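Asks: Here it is, the structure in full.
The values are calculated or read from the model by the stated rules, or taken from the named source; none is laboratory data. Note that the structure is predicted; figures quoted are calculated from it, not measured. Positions of Cβ are generated from backbone atoms using ideal geometry, with glycine treated the same way; all protein chains shown enter the neighbour counts. Surface accessibility is based on the protein's heavy atoms, side chains included, excluding ligands, DNA and RNA. Shrake-Rupley method; radii C 1.70, N 1.55, O 1.52, S 1.80 Å.
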There are 4 protein chains.
Amino acid sequence: MSGNSIGQNFVVTTFGESHGVALGCIIDGCPPGVALSEADLQHDLDRRRPGTSRYTTARREPDAVRILSGVFEGKTTGTSIGLLIENTDQRSKDYSNIKDIFRPGHADYTYQQKYGLRDYRGGGRASARETAMRVAAGAVAKKYLKQIHGIEINGFMSQLGPITAETIDVEQIEQNPFFFPDASKLEALDEYMRDLKKSGDSIGAKLTVVATGVPVGLGEPVFDRLDAEIAHALMGINAVKGVEIGDGFAVVEQKGSEHRDLMSPKGFESNHAGGILGGISSGQPIVAHLALKPTSSISVPGQSMTAQGEIAEVVTKGRHDPCVGIRAVPIAEAMIAIVLMDHLLRHRAQNMDVHSDTPVIGMR
Amino acid sequence: MSGNSIGQNFVVTTFGESHGVALGCIIDGCPPGVALSEADLQHDLDRRRPGTSRYTTARREPDAVRILSGVFEGKTTGTSIGLLIENTDQRSKDYSNIKDIFRPGHADYTYQQKYGLRDYRGGGRASARETAMRVAAGAVAKKYLKQIHGIEINGFMSQLGPITAETIDVEQIEQNPFFFPDASKLEALDEYMRDLKKSGDSIGAKLTVVATGVPVGLGEPVFDRLDAEIAHALMGINAVKGVEIGDGFAVVEQKGSEHRDLMSPKGFESNHAGGILGGISSGQPIVAHLALKPTSSISVPGQSMTAQGEIAEVVTKGRHDPCVGIRAVPIAEAMIAIVLMDHLLRHRAQNMDVHSDTPVIGMR
Amino acid sequence: MSGNSIGQNFVVTTFGESHGVALGCIIDGCPPGVALSEADLQHDLDRRRPGTSRYTTARREPDAVRILSGVFEGKTTGTSIGLLIENTDQRSKDYSNIKDIFRPGHADYTYQQKYGLRDYRGGGRASARETAMRVAAGAVAKKYLKQIHGIEINGFMSQLGPITAETIDVEQIEQNPFFFPDASKLEALDEYMRDLKKSGDSIGAKLTVVATGVPVGLGEPVFDRLDAEIAHALMGINAVKGVEIGDGFAVVEQKGSEHRDLMSPKGFESNHAGGILGGISSGQPIVAHLALKPTSSISVPGQSMTAQGEIAEVVTKGRHDPCVGIRAVPIAEAMIAIVLMDHLLRHRAQNMDVHSDTPVIGMR
Amino acid sequence: MSGNSIGQNFVVTTFGESHGVALGCIIDGCPPGVALSEADLQHDLDRRRPGTSRYTTARREPDAVRILSGVFEGKTTGTSIGLLIENTDQRSKDYSNIKDIFRPGHADYTYQQKYGLRDYRGGGRASARETAMRVAAGAVAKKYLKQIHGIEINGFMSQLGPITAETIDVEQIEQNPFFFPDASKLEALDEYMRDLKKSGDSIGAKLTVVATGVPVGLGEPVFDRLDAEIAHALMGINAVKGVEIGDGFAVVEQKGSEHRDLMSPKGFESNHAGGILGGISSGQPIVAHLALKPTSSISVPGQSMTAQGEIAEVVTKGRHDPCVGIRAVPIAEAMIAIVLMDHLLRHRAQNMDVHSDTPVIGMR
């Protein structure tokens, strides 16, 4: 394994820095015979792309992905798939003033200490730009999961700062730049964000991702349980500080009689578990939540240190997100897709011959 | 890899069911020359052991661990270490009545569907009994981390149901059976648990683990970031439904100007990040929280289904925990230790020659 | 991964030293529902066991294996299988005189330098005793491969020193203690070995393993090609210095027109390739050869060095094999079985849905 | 892991087909701070490149490699390194006539059966073209091994068909297009190859790779022994059918008293072991040999089958190697470099603190 790879049978390995030549990835283990083209990947890349909302960063990257291998006459061959996105709009000059300063809340200091040097332009490898590749790879997984298995993965913003979605209207999600499912709060959101941008500060967010149609049986106890793998994938997204499955931290104050999802041959009567029991998918919708911290790249001055160990003040100008959560929805969906894909393959590797007499049940 | 292994350079692989012959594990990659004996492991096993508190399950397992290999004349040899714990008190008869019934909130149904059959006795491989081996392996890691690197890992219960620890007094943690750090709440805890046991119900809990002395630089971006690996390890503990690093879900409502930890040559001025920046340890204390759901093994009757697909009622009698969180503290510490150990080795594999001119800073 | 594990979806991890408490292993990823008992494993362990031939080492280990987990009511559960063999006949006193001396041709010196210390008794972890666990794990794989897929794996000695098997009579293999398939050479073999034992010296051997019934399609290009994985598994057996697939080194002097196996709808007309083309099984018998060096534990004195760096003379007394190749046949079969098992699972993980219109052909 | 990756701490993952858009790879785990540029990689790529000898294939690929990430201001950053080579001279029309025919001795049939479809142009992913990426990645490893550790890796052809190198003159290796170290045989080689090319047939070859300056202690018993890993890497090169370490198959007829390398404080007195004892490097030169089969792409007609299962005749025209061994020397060196790099990192991950009092010895 390696830190830049994820997965065991469906493996995604990425490379690329914010201001490097290009971003790329290799997908290994994709089943053959799946129709795949750049267009399949571009949709989710566009959803993630900077510049698609007046509230996200102004960096304009077309993020045009190219498929370099593993697809022949429109179908996957089963060999490794190489994807590439050339960086075009880097604006290095935005960062030269912080070449020797560690921005508080960023990875500058830790990368410097770990490696002894760092590509300081735009956060280098630590930049969220790198996630474009995860979205591209996730799109491959999403396509297979949906077409072959009817699995759908949908994310949305459940909370932005103090504003919470009270109702979940799936139709709304793609209708506004926030991936927010509650139309009644949009005006408040807009106003909140306008004020935030003026203040030069930022805010955190909470996202929710739901996967439906997931067959029962995915997950590899005891260490690669499906919930553990989802937590690994989501916590690995830049700025994430918390992950929940199902009721998450609300379970702390729940009684056992309240929490457990009763079942009957007709199905489960509730879904406190979030679709995973004993680390294995139950057939119910998988529900995960993630908390994203507010970006530290703000124009509010902050104290920091230089690489030589002297006090310095940091003010970040240029292109930044007041709420990184807005762009993270496609990334979170992609990571869930990658995990489910890997576990679909791992499960069938071992259990392809299994026949259970017990009827399969879903949500009632 | 495999679902029953965790780690890349320091690898722990376990086996064993609740009512099987024995539990065991293999630790691979432990540095040689470390003094190790059964006594080193027994301490944490005893902290985890059932029967050490009037509120935990009454199953009396001595959990005596044996070292079968990898240690010669009292020191690790660098070869694989085999550990074994024989099961002695299984009381299979407690479970025969639920042979064909799926207990709601448990892994019975999912294991049956995944594998086509299951060891129904006491939860089989899904039982928390299996975690004894993680604690034993974690003790090996803990010893090395502390002796060679001065790293300490301490867990405690920060919240049990509605009762929250307001002050953290480290001395208190090992003084009561709850690993609770706030003496002023002990009486309330005791009373709460007594009422709970009478009701036959259960409650959730929130734990906190703090690792100090962790050097800067651990973590392997972008997928094996230290926070992602901690999330993977903690979410993989039975009953865990949520994981946080640092401020966790509180970041959703934080401004960037509040969240970021300012720094100076004297050190970091706060620790909202929980000791990890950009997925790499910063040298500050690593702070993680986990939410454990209330156990579903309660005497309050619940509706369920049989293996043949018929409605059934489940009432669990016998030995059960009203709060599994009480025993999970040593398990959470062990998992953090295993992750830190693996990452210490992975970091030095690649970066042993690195010399950074930037001074190392910690908490101010 | 780790050095003491092999495989990706069917993973075998072992522990145990020659003179330690016990040998053990964990098998992870075994499909569930397979009938398995100790008796299934004991047969191959007995074939490997010292003391079954007057020409192999006199150490008398019963090698009784116990299954500690992963099997319930006689069937595998899909959870990790723990196996254990307690060491009983160690005779440590045989080795105390070489505590500080590095035996030439053995791993003493290299283990000392790598780890800084070593268990000097009987070769410690480097001893061939450790292979008992590989044979036990291989027996699990062999059973599944044969019962579910009709795959058979048979090894034999093709050459012992200057004596070569001219004819391959499968019936002969289990009839003599050499696993030698040519009855006409048995008397010569016997005499050769008697003289060898008297001289106190040792000799090398060449083994051949044939796997039949292997379906077309196993192997994961470009690095985990089936031949590469077989080479890895066989070269990893103690004393092996060479591995060949099919015609092996004879190909150096072959013309392309001679080497290539022509094909027709009726089948392949020859098998120079040894059953693997482009790193993937072709459906033809897989043929592998391995060369085992003569053991260096002989009573002929040899010059060496002490741990303190002084000249010393080494004479090994006690129980030793004049030809380690004799016992390696079951080990080689076991390793082939483990590799085929892993690749069967890996192949179906990715390609379970594949349907090829091309007819499958085998040997004509 | 995945079939298109090799290594655990220094990981190389590749993609790309013979006639696809591009070839690429990702190197993960390279230590930071190493000076690296395209020029460092181009040298070995040119040694491998078609068209550099009148006896190798006439396909003219400039094989210009680009570094897309992981290098900043001329030094590796420790983040993943992406490399890319665009395919320019594909001549697809050379292969259209064999779209539905399986060429005997090639991977056409096995790829078709494994994946259900295949990129038939030039062998697709099975083509030796893919090895360009291994050479590029190997060059990165070679540079680090040499500069930081003084390790040198040199390969040569020891035998081409019936012509064997009797003397090894290192200076000769780069002076002729055969990488042949015996000047006295060059005329015979030239004549042999001329006749072979006229006949339209091909021949096999045996290569030798020697690595010097390898520190004692590399290799991870019991499964990832250094010799096993070398065997895995070399057998994974297209056309390889046999691998030997040290004396290889000659050990079959050696006595123990002849084979073992005696040692004294001054050093080892011989090197039958080929530099590896007990699966761990001894500090002596590591010597490996590999046998390459004659290519099956020859103009001598051969019988085969079509994808529909009918008899067909195959005649390969166009650009082909009469001896693929000629170009495999840089590939074999690269694979050894990749394995040594990975093991250097794995060894220090676990054993960085080890101090052995025993003096280190090399060849006498």
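Asks: Taking only Cα atoms, what is the 0 to 90° angle, nearest 10, from helix C:226-235's long axis to the longest principal axis of chain C?
Replies: Tilt relative to chain C: about 10 degrees.
Asks: Could you give the distance between the Cα centres of segment C:188-265 and segment C:291-364, to the whole Å?
Replies: 11 Å
Asks: Which of B:Lys185/B:Lys241; B:Lys198/B:Lys293; C:Lys143/D:Lys293; B:Lys197/B:Lys317 have a Cα-Cα distance over 23 Å?
Replies: B:Lys185/B:Lys241; C:Lys143/D:Lys293
Asks: Given 25 °C and 0.890 mPa s, compute D for chain A with the Stokes-Einstein relation, Rh being the Kirkwood radius over Cα pairs; round to the nearest whole µm²/s.
Replies: Details: Rh = 21.7 Å.
Rounded, D is 113 µm²/s.
Asks: Continuing with the same structure: Identify, for chain B, the residue whose C-beta comes nearest the rotation axis onto chain C, and round that distance to whole Å.
Replies: B:Thr13, 2
Asks: Report, to the nearest 10°, how far helix A:38-48 tilts away from the longest principal axis of the Cα atoms in chain A, using its own Cα long axis and a range of 0 to 90°.
Replies: Once rounded, the angle reads 60 degrees.
Asks: Placing the label point 7 Å from Cα along the Cα-to-Cβ direction, what are the distances from C:Glu73 to the equivalent spots in the other copies, shortest first, in nm to one decimal?
Replies: For C:Glu73, the inter-copy label distances come out at 5.0, 5.2, 6.8 nm.
Asks: Check cross-link reach from A:Lys114 to the lysines: straight Cα distance under 18 Å, and skip same-chain residues fewer than eight apart.
Replies: Counting by Cα, and skipping residues close in sequence, A:Lys114 has these lysines nearby: A:Lys99, D:Lys75.
Asks: For chain A, what is the mean residue ellipticity at 222 nm derived from helices alone (per DSSP H run of n ≥ 4: -39500 (n - 2.57); sum divided by total residues; nearest 500 deg cm²/dmol)?
Replies: Mean residue ellipticity, 222 nm, calculated: -8500 deg cm²/dmol.
Asks: Just to confirm, what accessible area per residue do you get for chain D at 1.4 Å probe, in whole Å²?
Replies: 29 Å²
Asks: Next question. Given points 7 Å out from each Cα along the Cα-Cβ axis, report the A:Asn271 to D:Asn97 separation in nanometres with one decimal.
Replies: Going by the 7 Å Cα→Cβ label model, 6.0 nm.
Asks: Give me, ordered by chain and number, the residues 5 or more places off C:Phe268 or on other chains with an amide H under 5 Å from its own placed amide H.
Replies: Here C:Gly362, C:Met363, C:Arg364 satisfy the definition.
Asks: Additional query: Which of A:His289, A:His232, A:His149 moves most in a GNM of chain A, Cα contacts under 10 Å?
Replies: In the Gaussian network model the winner is A:His149.
Asks: Oh, and also: Which residue fluctuates most in the GNM of chain B (Cα springs below 10 Å): B:Ala307, B:Ala107, B:Ala137?
Replies: B:Ala307
Asks: Can you pull the mean other chain C-beta count within 10 Å for peptide C:260-271?
Replies: What the average comes to for C:260-271 is 5.
Asks: I've got another one for you. Normalising by the residue count of chain A, find the relative contact order in percent from Cα pairs under 8 Å and 6+ residues apart.
Replies: Computed over chain A, the figure is 21 percent.
Asks: With the crude spin-label approximation of a point 7 Å out along Cα→Cβ, what separation in nm comes out for C:Ala188 versus D:Gln175?
Replies: 4.5 nm
Asks: Also, I was wondering about something else. Starting at the first residue of segment B:191-196, write each ³J(HN,Hα) from the Karplus equation 6.51 cos²θ - 1.76 cosθ + 1.60 with θ = phi - 60°, in whole Hz, x for Gly and Pro.
Replies: 3J(HN,Hα) across segment B:191-196, in whole Hz: 5, 4, 5, 4, 4, 5.
Asks: Follow-up question, since we're still on this one. What whole number of Å gives the distance from the Cα centroid of segment A:138-187 to the Cα centroid of segment D:163-187?
Replies: 67 Å
Asks: What nm distances, shortest first, do you get from the label point of C:Thr88 to those in the other copies when the point sits 7 angstrom along Cα to Cβ?
Replies: The projected label point of C:Thr88 is separated from its counterparts by 2.4, 7.2, 7.6 nm.
Asks: So, one more: How many Å³ per residue does the convex hull of the Cα positions in segment C:250-364 occupy?
Replies: With only Cα atoms used, segment C:250-364 gives 205 Å³ per residue.
Asks: Still on this structure, please answer the following. How large is ³J(HN,Hα), in whole Hz, for each residue of segment D:286-302 in order, when computed from phi with the Karplus curve 6.51 cos²θ - 1.76 cosθ + 1.60 and θ = phi - 60°, using x for Gly and Pro?
Replies: 8, 10, 10, 10, 9, 10, 10, 6, x, 4, 8, 8, 10, 8, 6, x, x
Asks: Mind checking D:63-69 for the average number of partner chain beta-carbons within 10 Å of each residue's beta-carbon?
Replies: Neighbouring Cβ atoms belonging to other protein chains average 4 per residue here.
Asks: When each copy gets a label point 7 Å from Cα toward the beta-carbon at C:Glu310, what are the spacings between them in nm, shortest first?
Replies: 6.1, 8.3, 8.3
Asks: Taking beta carbons within 10 Å but only from partner chains, what does the mean come to for residues C:119-127?
Replies: Per residue, the number of nearby Cβ atoms from other chains is 4 on average.
Asks: I would also like to ask the following. Working only with C-alpha atoms, what are the Rg and Dmax values of segment A:60-217, expressed in angstrom?
Replies: 20.0, 53
Asks: Another question, if that's okay. Ignoring ligands, DNA and RNA, please state the percent of accessible area on the protein assembly as shown from carbon and sulfur, probe 1.4 Å.
Replies: 49 percent
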